[in-house]
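The values are calculated or read from the model by the stated rules, or taken from the named source; none is laboratory data. Here the structure is a predicted model, which is why all the values come from computation and not from measurement. Please note: Cβ atoms are built from the backbone with ideal geometry, for glycine as well, and neighbour counts cover all protein chains shown.
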Amino acid sequence: MRHELDFWVVGGDQRQACLAGLLAADGHTVHTYALEGAGDLTGEALAAEGLSGLDLADCIVLPLPMQGEGGTVNAPMAKRPVALEEVLAAARPGQILCAGRVEEAARAAIQRRELVLRDYFAREELAVANAVPTAEGAIQIALEELPITLHGCRALVLGYGRLGRALAPRLSALGARVSVAARKWSDLAWIEERGFHAEHSGELRGWLCAFDLIVNTVPSRLLGAEALAELKPGCLVIDLASKPGGVDLAAARRLGVQAVWALSLPGKVAPVTAGKSIRSTIYNILNELGV
């Protein structure tokens with residue numbers, strides 16, 4: 001990768017604002033757009049009033065997730081909604097565009113513009129890096145919302161992917177009695193090897209009433225109305241899964257179950273760390289592309 005590049009960071013939350021500041025601190029020329037509410041987080045990055053000059057960028061960085069409502073860029077810090085098509089129209093064919101969690105319709109629109117798209121959320125190194133702040137954020141929610149200590153709490157982690165593997169030992173280190181549910185027999189073997197109680201995710205019925213805290217990491221509906229009805233009073237449910245989530249939130253409200261859908265935790269609890277992780281991933285992408 002060349003020493004100095006021209007980046008445009010368009011939209012996003014505190015993660016992208018911190019990313020812009022980190023890229024500028026590395027000596028790159030960085031323009032930001034639709035990040036007006038970020039304040040000092042963007043550091044020495046240059047705030048652009050419009051998209052003129054975006055076609056000169058070596059890399060355009062869009063947020064995670066890339067899209068908001070109605071075909072807009074996800075830009076909660078912007079003064080006004082920004083249409084994705086507006087950004088794509090300002091780019092030139094062949095430009096590198098890095099974005100996170102790109103939906104199929106948007107992917108097709110980007111391809112029609114002949115841009116070189118890389119979804120940084122699909123990268124393993126970012127998924128692993130994001131697991132730590134997400135796990136810490138889940139623990140923060142549990143500490144704030146539970147009326148009991150995590151020490152001695154009976155906790156169930158649904159899923160033993162990257163996030164489950166990061167969360168279970170951290171809960172255990174705080175004294176929680178941790179069970180982990182998974183579908184694969186190999187995962188169940190590893191769960192037991194790590195000293196946690198293993199549950200098969202297809203055989204949870206009848207056991208859910210035992211837990212004070214349930215944290216879901218699986219983007220599949222594991223906790224529907226019937227499962228939620230089994231929970232004991234006061235059980236806290238935290239859903240860390242991306243859309244459409246793994247918990248029937250409407251059923252939880254009807255049943256009086258306290259359920260928190262905690263999306264994008266890295267950007268909320270550790271935006272600088274999250275920005276660093278995205279920066280490293282983008283540098284890896286650019287190195288692979290020979291930029």
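For the stretch 55-74, residues that are crowded, with 19+ Cβ neighbours inside 10 Å and free of Cβ contacts under 8 Å to residues at least 24 places away in the same chain total 1. The set of residues from the stretch 215-265 being farther than 21 Å from Ser172 by Cα and acidic (Asp, Glu) comprises Glu226, Glu230, Asp248. Remark: pairs (first residue in the stretch 166-189, closer than 15 Å to Val132 by Cα and assigned by TED's automatic domain parsing to the domain that holds Arg154; second residue surrounded by fewer than 19 Cβ atoms within 10 Å (Cβ to Cβ) and among the basic types (Lys, Arg); Cβ separation under 8 Å; 6+ apart in sequence or on different chains) = Ala168/Arg194; Pro169/Arg194.
Of these, Val237, Val260, which one is over 26 Å from Pro63 (Cα atoms) and outside any helix (DSSP H, G or I)? Break it down stepwise before answering.
Numbers: Val260 fails: over 26 Å from Pro63 (Cα atoms).
Residue meeting the stated conditions: Val237.
Which residues, counting only those in the stretch 50-99, are in a helix (DSSP H, G or I), under 25 Å from Asn287 (Cβ atoms) and out of contact with any helix residue (DSSP H, G or I) (no Cβ under 8 Å at 6 or more places or on another chain)? The answer is Leu56, and nothing else. Restricted to the stretch 146-157, and to residues there that are touching a residue at least 40 places away in the same chain (Cβ under 8 Å) and within 28 Å of Gly202 (Cα to Cα), the residue that is surrounded by the most Cβ atoms within 10 Å (Cβ to Cβ) is Val157.
Screening Ala127, Ala168 for residues that are under 25 Å from the mean Cα position of the chain (by Cα), surrounded by 14 or more Cβ atoms within 10 Å (Cβ to Cβ) and modelled with pLDDT of 95 or more leaves exactly one candidate, Ala168. Scanning the stretch 10-29 for residues that are out of contact with any Gly (no Cβ under 8 Å at 6 or more places or on another chain) and not in a loop (DSSP other than H, G, I, E, B) returns Val10, Leu23, Thr29. For the stretch 1-54, the candidate set comprises residues that are loosely packed, with under 14 Cβ neighbours inside 10 Å and of a type in the set (D, E, K, R); within that set, the residue that is modelled with the lowest pLDDT is Arg2. The condition of being in contact with an Asp or Glu (Cβ under 6 Å, 6 or more places away or on another chain), assigned by TED's automatic domain parsing to the domain that holds Ala142 and among the aliphatic types (A, V, I, L, M) holds for only one of Ala252, Ala225, that being Ala225.
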